[in-house]
Amino acid sequence: MISLLFSQKNPIVLDAGCGLGSESIFFSFWGARVVGVDLEEEKIRVAEKRKLFYKDLIKGEVKFVLGDIFEVIKRQKFDIVWMNEAISHIHPAEGFLKLARQQLNPGGRVVISEGNGGNPCILLRRFIETGRCSWGTHQVQDPKTGKAVRYAAERLFSLKEIANILEKAGFSIGQVGLTQFTVFFVKRYRVFSKTIRSLEQWLDKQKFGRLLALSYRIEGKAD
């Protein structure tokens, strides 16, 4: 993201599902003009307070918007659409990415950072917590308009699935980064750290490593 921010002068960034505004504020440190959007009123309230706290470091602009991301993205063109653990909640994801492609300026980028829906540990954890491996959707209320908004409950995509969706939406695939597979999250235990590091370095060289990655970052190019 930093290299993308430096490649353009004062890029306009949409932070879809901005939460407490961490990335929105950070991007503004580098001169970006950022629109952060979220459906949770309390998160937007906290993000606004954080923006005031960091005002002396902000070189660009930050605007936080409470509302439906589908409506907000229609209001203007963007150079970059950033989604950190957000595409798993935006429904339908396919429809949003098609809309994002339309609203990006020439040469624009979509960057998605997300948990890998194909990771066996994530699937097992999901099954233990909910008794199922499928991903559900429901409706929430837009606090600004009162309208019903479709919302996905951790609808995680595998890297292959999200790449296919991006391509169908009209993007070409750019850079891809992986956070490698960690056996049952044992990385937190020091006694396993050396073994796990060796395993991850080995997996990084294998083609099937992408299937096991814990999370991914993928860039969709609107060239």
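The values are calculated or read from the model by the stated rules, or taken from the named source; none is laboratory data. No experiment lies behind these values; they were computed from the predicted model shown. Note that each Cβ is placed from the backbone with ideal geometry, even for glycine, and that neighbours are counted across all protein chains shown.
Filter the stretch 162-188 for residues that are modelled with pLDDT under 85 and on the phi > 0 side of the Ramachandran plot; which is surrounded by the fewest Cβ atoms within 10 Å (Cβ to Cβ)?
Within the stretch 162-188, the match that is surrounded by the fewest Cβ atoms within 10 Å (Cβ to Cβ) is F184.
Just name the residue that is surrounded by the fewest Cβ atoms within 10 Å (Cβ to Cβ) out of those in the stretch 88-103 that are modelled with pLDDT under 95 and in contact with a Gly (Cβ under 8 Å, 6 or more places away or on another chain).
Step by step, filter the stretch 88-103, then rank; the result is H89.
Quick one: in the stretch 162-181, which of the residues that are touching a helix residue (DSSP H, G or I) at 6+ places or on another chain (Cβ under 8 Å) and of a type outside the set (V, I, T) is farthest from G115 (Cα to Cα)?
So, considering only residues that are touching a helix residue (DSSP H, G or I) at 6+ places or on another chain (Cβ under 8 Å) and of a type outside the set (V, I, T), the one farthest from G115 (Cα to Cα) is G170.
Could you check how many residues of the stretch 69-81 are buried (at least 21 other Cβ atoms within 10 Å of the Cβ) and closer than 13 Å to R33 by Cβ?
3
Answer yes if at least one residue in the stretch 19-34 is modelled with pLDDT of 95 or more, part of a strand (DSSP E or B), surrounded by 15 or more Cβ atoms within 10 Å (Cβ to Cβ) and over 17 Å from the mean Cα position of the chain (by Cα), and no otherwise.
Yes - at least one qualifying residue is present in the stretch 19-34.
Which ones in the stretch 122-161 are touching a helix residue (DSSP H, G or I) at 6+ places or on another chain (Cβ under 9 Å), at pLDDT 75 or above and assigned to a helix (DSSP H, G or I)?
Those that are touching a helix residue (DSSP H, G or I) at 6+ places or on another chain (Cβ under 9 Å), at pLDDT 75 or above and assigned to a helix (DSSP H, G or I): L124, L159, K160.
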